[in-house]
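Here's the structure we're looking at; comments come further down.
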Amino acid sequence: MCLSCSDERKDIIYHFDYTPLPDDLKFFDIVLDPKIDIKTFSFEDDKLSNIDFFLFLIGDEENQILLYKQLASINIYKKNSGIFVRKADNEFTRVNDDFLRIVPGFEMFKINEELYILDLKFLERKFKIYDVIRSAAVKEIKKINEYGIVQNAESLNNLLKDTSFARKLSRISEHSPVLGKVSNNAIISFTKNYPSLKNTFKYTDDNSQIILTTQKSMMTFIKLLNDDFLSSELTRNHYDSIAKDVLKEEQNHNGDNIQDVF
C-alpha cells in the first residue's frame, strides 16, 4: 500500500511514494552508490555507542535489497554496567568488553530503487518526513479549492500539524474516488441525506458549496472524499468504512457475473 493512501489497517508494508526523498533518508542512496566511498566501522576509532542503526545489503551487482535495522540504546551493554558472562568450554567466563544485541525484525527496506516502510510510527518519529507530507498537502488544498466544492478550503491548513491528517490529504486528488469524479451537486446532496452526515456541514446560501467551520467537519470532509461512508445493499445499514477493497465483476464458467477483490 502506498504511504500517501494509507488507512487504519495494521500489518501493512507501505511504499514511500513521496518525492523528493527527505534528506535524512538519502543514506539509502549513498550506500547503494558504488562511486561513494563509505568509511568502515573500526573498533580502534569508533565505539558501539556511536552506532545508530544497521544497514544489511543482500544481493549481487544486479539485484539488491537494503534492510534498515534501528539499534536501540537499551540493546547496547557496557562492560561497567553489570557482570556479563558467556559459555567457554564447560564453564563461564566474564565478558570484559562492551557488546550489543540485535533483535529480530527491521523497520524499512529498499529494493529496485523503491523504499518500503514496515514501521510507520517509527518513520514519523525518527525522520523528518513531515515537511514532505505537509508540502504535498498544501498543494492538495489548492486543488480542492479549484474544484469549488468547499468555500473555505484554506481552513484545512489549520489541521496540517496533525501528521495523520496531512498524510490523508497529501494525495487526495490522486486517490479520491470522489473529488473530480462526482459532481459537486451530487456530493452536497449526499451529505444532506446520508444519516451520519446530516447537520455535519454548513452550506452557502445557494447550497452550491460546503463551508468547513469545525475540526470535525474538516476531518469528515476528508473521509467523504475517500468515500468512507457506505451503505449495504443487503441490510440497508450504513457504515463508516476506513479500510476497503474495490470489487470488480468477472464471469464464471457458466457466463454468470461474479465479484472479486483486486
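Laid out as a table, the results:
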quantity	calculated
Matching residues in the stretch 70-100 - criterion: being part of a loop (DSSP other than H, G, I, E, B) and within 23 Å of E44 (Cβ to Cβ)	L71, K78, F84, V95, N96, D97, D98
Filtered residues of the stretch 47-67 (kept if exposed (fewer than 10 other Cβ atoms within 10 Å of the Cβ) and part of a helix (DSSP H, G or I))	N50
Subset tally (residues that are more than 18 Å from F27 (Cβ to Cβ) and either in contact with an Asp or Glu (Cβ under 6 Å, 6 or more places away or on another chain) or not hydrophobic (A, V, I, L, M, F, W, C) (or both)) for the stretch 52-76	6
K223 being under 19 Å from V178 (Cα atoms) and at pLDDT below 90	no
Subset tally (residues that are open to solvent by 100 Å² or more (accessible area, probe 1.4 Å) and farther than 15 Å from Y116 by Cα) for the stretch 11-46	9
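Conditions tested, residue by residue: (1) touching a helix residue (DSSP H, G or I) at 6+ places or on another chain (Cβ under 9 Å); (2) in contact (Cβ under 8 Å) with a residue 24 or more places away in the chain; (3) surrounded by fewer than 13 Cβ atoms within 10 Å (Cβ to Cβ).
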| site | (1), (2), (3) |
| --- | --- |
| E113 | yes, no, yes |
| E124 | yes, yes, no |
| G148 | yes, yes, yes |
| S173 | yes, yes, no |
| G180 | yes, yes, no |
| N185 | no, no, yes |
| L197 | yes, yes, no |
| F201 | yes, no, no |
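The values are calculated or read from the model by the stated rules, or taken from the named source; none is laboratory data. In this text, all values refer to a predicted model and were calculated from it rather than measured experimentally. Backbone-built Cβ (ideal geometry, glycine too); neighbour counts: all protein chains shown. For accessibility, only protein heavy atoms count, side chains too; no ligands or nucleic acids. Shrake-Rupley method; radii C 1.70, N 1.55, O 1.52, S 1.80 Å.
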